[in-house]
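Engineer: First, the structure itself, so that you have it in front of you.
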Amino acid sequence: MITVLAGGTGSIKIIRGLVSQGCEISIVSNVADNFWLYGLYICPDIDTIIYGLANLLDPIRGWGIRGDTFECLKQFQNLREPAWFKIGDKDLATHILRSAMLKNGKSLSYITEFLSKKFAILSRILPATDDPVETRILTNIGEMHLQEFWVKNQAKPAIIGIKYEGIEAAESNPEVISAIKNSKLVILAPGNPVTSIGPILAINGIKKTLAEVREKIIAVSPIIADAAISGPAVKYMQAIKVEPSAFGVAEFYSQITSNIIISEGEVDSARRISKLGTRAHETNIVMRTAEDEQRLASYLLNLQLG
């Protein structure tokens, strides 16, 4: 069994690649992107995984359902109500169902398993915690939820700091701890280290458990040279004084992994990473096609970890 820590739109690519190799996977999903909007509980990372594994994910946007319409959103605009977060009409059904179940006392883990079965997904999708956690961005124009910063304000405000609200009270999902301990391999997907994987690591018990099995954990860098493959990882890493590079990613994860996959040709990064006590494995980490996903997944599975 393999466990993948996942978040953001890049993680689903390596997850699909691993599934294509016939792997039994438990996917630990970030929940700190979740938020309430229009009385609905939106779970962007969980839904991206569900739609991706159900072959419904919009390949252009990297989120939402392929071919979805936005009539409900248009009506919000007609009513002069906020419409900055784009929820498609089919996607809306997922949020309505989840929110109703939450209000009826069901846990996020229960609901995620329920939705996975509805979409005929065989892999286990495990919310990192059932407790509310939110990534909050402190900016020069005030504090805001990650989604407000990234979507509504298009990442334009200057970042003063980043915090995980509710993290002190959040308890790790027991199934997550069990999956990490019982897996042959644990992969840190190429999600944003600060806002996609970082909140998972900050939940009580998870980082400690990962550190105990450090030798079987491998990270995939989301950074090539000094640029993110996609998304605002560089801006977030700079905000918390982490070098925006493959070395910076390796250093950020150094307590919990002894291996990292970086882009081919990054010889200097590999040399610096080795000084952390981490092995750097160089290959093509860009995934633009299904063949790319399968290639990288196959490379991961055939690595000799040390």
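Engineer: On the basis of being part of a strand (DSSP E or B), among the β-branched types (Val, Ile, Thr) and modelled with pLDDT of 95 or more, does ILE200 make the cut?
Structural biologist: Considered against the rule, which asks whether it is part of a strand (DSSP E or B), among the β-branched types (Val, Ile, Thr) and modelled with pLDDT of 95 or more, ILE200 comes out as no.
Engineer: Something else: Is there a residue in region 247-264 that is in contact (Cβ under 8 Å) with a residue 24 or more places away in the chain, in a helix (DSSP H, G or I) and of a type outside the set (A, V, I, L, M, F, W, C)?
Structural biologist: yes
Engineer: Between residues in region 232-243 that are more than 17 Å from ASN153 (Cβ to Cβ) and among the aliphatic types (A, V, I, L, M) and residues that are modelled with pLDDT under 90 and assigned to a helix (DSSP H, G or I), which pairs lie under 7 Å by C-beta distance while being six or more apart or on different chains?
Structural biologist: none
Engineer: So which residues in region 249-277 are of a type in the set (Val, Ile, Thr), over 13 Å from VAL220 (Cβ atoms) and touching a helix residue (DSSP H, G or I) at 6+ places or on another chain (Cβ under 6 Å), if there are any at all? Lay out the reasoning, then the answer.
Structural biologist: Of all residues in region 249-277, those of a type in the set (Val, Ile, Thr) come to 249, 256-257, 260-262, 267, 273.
Of the ones still in play, those that are also over 13 Å from VAL220 (Cβ atoms) are 256, 267, 273.
Passing the criteria: ILE256, ILE273.
Engineer: Could you grab me the full set of residues in region 78-106 that are under 25 Å from ILE203 (Cα atoms) and either within 20 Å of the chain's Cα centre (by Cα) or among the acidic types (Asp, Glu) (or both)?
Structural biologist: Of everything in region 78-106, those that are under 25 Å from ILE203 (Cα atoms) and either within 20 Å of the chain's Cα centre (by Cα) or among the acidic types (Asp, Glu) (or both) turn out to be HIS95, ARG98.
Engineer: Let me confirm something: among SER20, SER11, SER26, which residue is within 19 Å of THR135 (Cα to Cα) and among the hydroxyl-bearing types (Ser, Thr, Tyr)?
Structural biologist: Matching residue, one of SER20, SER11, SER26: SER11.
Engineer: Identify all residues within region 174-197 that are more than 21 Å from GLU243 (Cβ to Cβ), outside any loop (DSSP other than H, G, I, E, B) and polar (S, T, N, Q); write none if there are none.
Structural biologist: Correct list: SER178, ASN182.
Engineer: Select the strands (runs of 3 or more DSSP E) contained entirely in region 1-68, then report the ones holding at least 3 residues which are surrounded by fewer than 24 Cβ atoms within 10 Å (Cβ to Cβ).
Structural biologist: 35-37, 40-42
Engineer: Can you tell me how many residues in region 214-249 are farther than 30 Å from MET1 by Cβ, among the basic types (Lys, Arg) and at pLDDT 90 or above?
Structural biologist: Final tally of qualifying residues: 1.
Engineer: Could you list all residues from region 93-130 that are free of Cβ contacts under 8 Å to residues at least 40 places away in the same chain and assigned to a helix (DSSP H, G or I)?
Structural biologist: ALA93, LEU97, ALA100, MET101, LYS103, TYR110, ILE111, GLU113, PHE114, LYS117, LYS118
Engineer: In region 132-163, which residue that is in a loop (DSSP other than H, G, I, E, B) and within 17 Å of the chain's Cα centre (by Cα) is surrounded by the most Cβ atoms within 10 Å (Cβ to Cβ)?
Structural biologist: Checking each candidate, the answer is VAL133.
Engineer: Tally time: how many residues in region 279-306 are at pLDDT below 95 and among the polar types (S, T, N, Q)?
Structural biologist: Number of matching residues: 2.
Engineer: Between a first residue in region 163-186 that is on the phi > 0 side of the Ramachandran plot and a second residue that is surrounded by 15 or more Cβ atoms within 10 Å (Cβ to Cβ), which pairs have beta carbons less than 6 Å apart while being 6 or more apart in sequence or on different chains?
Structural biologist: GLY166/PRO132; GLY166/VAL133
Each row is one residue, and each column tells you yes or no for (1) touching a Cys at 6+ places or on another chain (Cβ under 6 Å); (2) crowded, with 19+ Cβ neighbours inside 10 Å; (3) more than 24 Å from HIS281 (Cβ to Cβ).
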| site | (1), (2), (3) |
| --- | --- |
| GLU165 | no, no, yes |
| GLU175 | no, no, yes |
| LYS184 | no, no, no |
| GLY191 | no, yes, no |
| LEU210 | no, yes, no |
| ILE218 | no, yes, no |
| TYR236 | no, yes, yes |
| SER245 | no, yes, no |
| SER254 | no, no, no |
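Engineer: While we're on this one: Of the numbered conditions (1) assigned to a helix (DSSP H, G or I); (2) over 23 Å from ALA32 (Cβ atoms); (3) hydrophobic (A, V, I, L, M, F, W, C), ALA83 fails exactly one; give the number of that condition.
Structural biologist: (1)
Engineer: What single numbered condition from (1) without any contact (Cβ under 8 Å) to a residue 60 or more places away in the chain; (2) in contact with a Pro (Cβ under 7 Å, 6 or more places away or on another chain) fails to hold for LYS74?
Structural biologist: Status for LYS74: all satisfied but (2).
Engineer: Inspect all residues belonging to region 208-227 and state whether any of them is aliphatic (A, V, I, L, M), outside any strand (DSSP E or B) and within 14 Å of the chain's Cα centre (by Cα). Working first, answer last.
Structural biologist: The first filter runs over region 208-227 and keeps only residues aliphatic (A, V, I, L, M), leaving 210-211, 213, 217-220, 223-225, 227.
Narrowing the set further to residues that are outside any strand (DSSP E or B) leaves 210-211, 213, 225.
Filter once more, so that each one left must be within 14 Å of the chain's Cα centre (by Cα): none.
Within region 208-227, not a single residue is aliphatic (A, V, I, L, M), outside any strand (DSSP E or B) and within 14 Å of the chain's Cα centre (by Cα).
Engineer: Same structure again: So which residues in region 138-194 are closer than 23 Å to ARG16 by Cα and among the hydrophobic types (A, V, I, L, M, F, W, C), if there are any at all?
Structural biologist: VAL176, ILE177, ALA179, ILE180, LEU185, VAL186, ILE187, LEU188, ALA189, VAL194
The values are calculated or read from the model by the stated rules, or taken from the named source; none is laboratory data. Model, not experiment: these values are computed from the prediction. FYI the Cβ positions are ideal-geometry reconstructions off the backbone, even for glycines, and counts take in every protein chain you see.
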